[in-house]
Amino acid sequence: MRHTPPPTETPNPASAAMDTLSALDFARLMNRLDAAVPLAVAEVLPQIAQAIETIASSLAAGGRLFYLGAGTSGRLGVLDATELVPTFSLPPERAIGLMAGGEKALTRSVEGAEDSAAQGRADLLAHAFAAGDVLVGIAASGGTPYVIGGLAYARQVGAPTIAVVCNPGSAVAGAADIAIEVVTGPEILTGSTRLKAGTAQKLVLNMLSTGALVRLGKVYGNLMVDVQPTNAKLRLRAIRIVDEITGLGSDEAEKLLDAANWRVKVAVVMGLSGVDADEANTRLVRAGGHVRRALEGGSG
């Protein structure tokens, strides 16, 4: 019996003669095929929105956000978790990226690691994964045993689960509470899911984490008011943010940040409300960390 491959493993007729193309024609073809990825993501926006609310609720209640994947999918999860620390000041222990094969698999292939469902469970157990946490399982194929095992364990302990896959009707999707199935179809290079599928996964993960943390008050308008100014570039960004919001000029913005111990939210509330750092911080705590609520005198 001939095995029918899933869409991500099917040869793409558009690139059947790819090896005969000039560099420019190849780039044009790949660009044209890649243009379909955001359209595929658009088809699953309701599921993405549901996942955003689920992640935000878990984090707001003190839970942690876990990502679980293998290969490119695992690396994308680790990347997303890592970026949440400097961008939103989310403590690193609250966003955890796990991948088949462990840390060494980030930079080189660890053959066979993704084939163990038991290891997916074990990696979550090693981090004391519990009902209050939330798990995002990422698998382009939708059949990765490592991810299936992790999702099954998460559901067993009562935690919310989300799947990000690129084939329809997959086992990974079936193992999750919320299935985000971005059907990206055949790759330009047959089976190379680091391409369109990887791009789709990156777009979805961007939405999930950014959307959830916007819901948690990590953003004011479209400015990252919880940025960690840990280097010269980010200190300049912090100054620009405070200046942009308060309109007081960069010199005054820097003075506010100095007085606020370089906590951007505190500096913003100081500048707009005319209060000192302690009072600004008190208002933010009362408002659950939301700058807009703190300025309006509300509570979280």
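Every number here is computed from the coordinates shown, using simple stated rules; none is lab data. Note that the structure is predicted; figures quoted are calculated from it, not measured. Quick reminder, even Gly has a Cβ in these numbers, built from the backbone with ideal geometry, and neighbours come from all protein chains shown.
With 0.36 nm allotted per residue and the present C-alpha distance subtracted, the Lys202-Glu93 stretch has 37.1 nm of extension available.
For Lys104, the aspartates and glutamates whose Cα falls under 15 Å of its own Cα, not counting residues fewer than eight places away in the same chain, are Glu114, Asp123. Rounded to 0.05, the FRET efficiency of the Leu106 and Ser192 pair, given R0 = 22 Å and the Cβ-Cβ distance, is 0.70.
Compared with the direct C-alpha span, the chain from Arg237 to Val275 gains 11.4 nm at full extension, assuming 0.36 nm per residue.
A simple spin-label model places pseudo-atoms 7 Å from Cα toward Cβ; at Asp258 and Asp19 they are separated by 6.5 nm.
Global size of region 20-80: 17.4, 56 Å for Rg and Dmax (C-alpha atoms, Rg to one decimal, Dmax whole). If you take the alpha carbon atoms of region 232-296 and fit the smallest convex hull around them, that volume is 71 Å³ per residue. Using a ≥ b ≥ c from the Cα gyration tensor of region 135-174 (square roots of the eigenvalues), is it rounded, prolate or oblate, where a/c under 1.5 gives rounded and otherwise the larger of a/b and b/c decides, a/b for prolate? In terms of gyration-tensor shape, prolate. Our note on the geometry: Cα centres of region 3-25 and region 43-90, 32 Å apart.
Under 5 Å between amide hydrogens, built in the peptide plane, is the criterion, and for Ser89 it picks out Gln228 among residues at least 5 positions away or on other chains.
All Cα-Cα distances of region 49-141, cut into 5 Å bins from zero to the largest, leave 3, 14, 24, 26, 19, 10, 4, 0 percent in each bin in turn.
Highest GNM mean-square fluctuation among Ala171, Ala140, Ala100, for the chain modelled with Cα contacts below 10 Å: Ala171.
Against the chain, whose longest principal axis comes from its Cα atoms, helix 71-88 is set at around 10 degrees.
Per residue, the convex hull around the alpha carbon atoms of region 166-270 comes to 145 Å³.
If the Kirkwood radius is taken over C-alpha pairs of region 1-157, then at 37 °C and 0.692 mPa s the Stokes-Einstein diffusion coefficient equals 186 µm²/s.
The angle between the Cα long axis of helix 196-215 and the longest principal axis of the Cα atoms of the chain comes to about 30 degrees, rounded to the nearest 10.
Relative to the compact-globule estimate of 2.2 N^0.38 Å, the Cα radius of gyration of the chain comes out at 1.14.
Sites counted here are trypsin sites (Lys or Arg not before Pro) in a DSSP loop (not H, G, I, E or B) having no more than 10 other Cβ atoms within 10 Å; the longest part of the chain that contains none of them is 109-300. Extension gain for Leu79 to Thr282 (0.36 nm times residue separation, less C-alpha to C-alpha distance): 69.8 nm.
For region 1-41, the square roots a ≥ b ≥ c of the C-alpha gyration tensor eigenvalues yield an a/c of 1.5 or more together with a/b not exceeding b/c, which makes the shape oblate.
Ellipsoid semi-axes for region 94-184, based on the Cα gyration tensor and the rule √(5λ), read 18, 18, 11 Å when sorted largest first.
Checking the cross-link filter: which lysines have an alpha carbon closer than 30 Å to that of Lys255, excluding same-chain neighbours under 8 positions apart? Qualifying lysines at Cα under 30 Å: Lys218, Lys233, Lys265.
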